[in-house]
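To start, the structure under review is shown below, and the notes come after it.
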Amino acid sequence: MERTPANDAWFQGKAARSIHEDQLKKVELFNGRAAMIGFVIGVITEGLTGQGILHQIGLGPLVDGYVTCSVQTLPFCF
């Protein structure tokens, strides 16, 4: 095979795609692991405190009030 600028560009493009695919696999693996750890921490925290995530971040009255308030007085239930 003869070296031409077109062949060089093709090989460089293929190499760059391969590098990006490898980086994407590593990043997605890390993101998946971080999400799993976050989920487990959330479940453990909920079990220890007895409160769900919305209560822990201060939105508990919003969830509790939505169930007990009527639609007409919803903004004033909190």
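The values are calculated or read from the model by the stated rules, or taken from the named source; none is laboratory data. Since the structure is predicted, the reported quantities are computational estimates derived from the model, not experimental observations. Quick reminder, even Gly has a Cβ in these numbers, built from the backbone with ideal geometry, and neighbours come from all protein chains shown.
What the table shows:
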| item | result |
| --- | --- |
| Candidate set from the range 33-78 (those that are surrounded by fewer than 12 Cβ atoms within 10 Å (Cβ to Cβ) and either of a type in the set (D, E) or in a loop (DSSP other than H, G, I, E, B) (or both)); member that is modelled with the highest pLDDT | G50 |
| Residues (exposed (fewer than 10 other Cβ atoms within 10 Å of the Cβ) and in a helix (DSSP H, G or I)) located in the range 1-13 | P5, A6 |
